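Below is one structure; the comments refer to it alone.
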Amino acid sequence: MASEIIGTINIEHYQLGHDIERLRSIRKQPEEYDEFGQGHWKNISLYNATGEADDTRYKNARRCLPTEHLRQCPAIAKLIQEQFEPTALRMVRARSLVDGLVIPHRDFVELDTAVTYYRVFLALEDNAQAFHSDEQGVFQMRAGEVWYLDAGISHAAINFGLNSRTFLCLDFIYEQRFEPADIFKDRRSAHVQRHDIHIKRVPLQPLKEREIIAATATLIECFTFKDIVFALSKYHFIYDLPVASCYDWIISAAEQANNAPVLEKAKTLRRYLIEHRAMGERYALSDWTCQAGVAR
Ligand SMILES: [Fe+2]
């Protein structure tokens, strides 16, 4: 299902400036999928299953406990408590992306098919240089908008600039049928002010696409692989291309270069990020030996 706006919250009411500054000052800690991001990409746990501030990983748990970071952000705590229904809420993280990129991927959050995982984002500030994308197109989240983002389809995010882009990521679990308005304490928040969400992108001529692939074939080696993944991931934000086209380009380039280890690494990357990955499987993007697969 494509991403969509499901509601709007008057965040000006909460004077979030101090809390956003506070979130900015928190040091980033290493995370499981860090290597698929570039630039300043930070995930800060505000509510989670353990209440531990450094626990940023989503788990299948019933508890949703505040962390020390939430206690340091009283305005955000008030906003969450006043606006969102706590019964199905399982985790809240503050996410920041500055001068960076998260490459196209799918999150396999469907750990238990008996329940529905419902992930929403609330943008806390506007940023004209920050974009999200999914299989339907590219869009920007505006301050106060609440978005449903289907993490099960291919998606990516970028902030081309140095200005802050902070939003909240809230994970809900429903065991019964539900509707998006159920996440709000006040169901009137489930009103949508704009429906035309996609950014108009420039078409990419087939000749230009072939030239990019040929140029990539010249450059691609084990030691340039990661840089090329990040560089080609950016094209779909500007040009009218499918979100995961970069992986097809890299595979075509590795074929043209007749570089078997890189070709294998490229195919494994596409499978791992957007097709299928086994529980606990890891992929080493920076492995210069090009031996892709399960981490040793
Ligand atoms: Fe994701």
**Request:** Look at Arg57 and say whether it is of a type in the set (Lys, Arg) and at pLDDT below 95.
**Result:** yes
**Top-ranked residue in segment 140-176 [being under 18 Å from His40 (Cβ atoms) and more than 16 Å from the ligand (Cβ to nearest atom); ranked as surrounded by the most Cβ atoms within 10 Å (Cβ to Cβ)]** = Thr166
**Message:** polar (S, T, N, Q), within 15 Å of the ligand (Cβ to nearest atom) and at pLDDT 95 or above: is that true of Ser96 in this structure?
**Reply:** no
**Message:** What's the number of the only condition in (1) modelled with pLDDT under 90; (2) open to solvent by 70 Å² or more (accessible area, probe 1.4 Å) that His18 fails to meet?
**Reply:** (1)
**Fill in**
Per the list (1) within 21 Å of Gly37 (Cα to Cα); (2) open to solvent by less than 20 Å² (accessible area, probe 1.4 Å), residue check on Tyr239 breaks on (2)
**Check on Lys200, out of contact with any Ser or Thr (no Cβ under 6 Å at 6 or more places or on another chain), outside the structural domain of Leu232 (by TED's automatic domain parsing), open to solvent by 40 Å² or more (accessible area, probe 1.4 Å) and touching a residue at least 60 places away in the same chain (Cβ under 8 Å)** = no
**Message:** Go through segment 145-163 and report how many residues are under 27 Å from Lys185 (Cα atoms) and in a strand (DSSP E or B).
**Reply:** 4
**Asked** Among (1) within 12 Å of the chain's Cα centre (by Cα); (2) more than 13 Å from the ligand (Cβ to nearest atom), which single condition is Leu101 missing?
**Response** (2)
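The values are calculated or read from the model by the stated rules, or taken from the named source; none is laboratory data. What you see is a predicted model, and the numbers here were worked out from it, not measured in a lab. Methodologically, a virtual Cβ is constructed for each residue, glycine included, from the backbone with ideal geometry; neighbour enumeration extends over all protein chains shown. Each accessible area value is taken on the protein alone, full model and side chains, heavy atoms only, with ligands, DNA and RNA left out. Shrake-Rupley method; radii C 1.70, N 1.55, O 1.52, S 1.80 Å.
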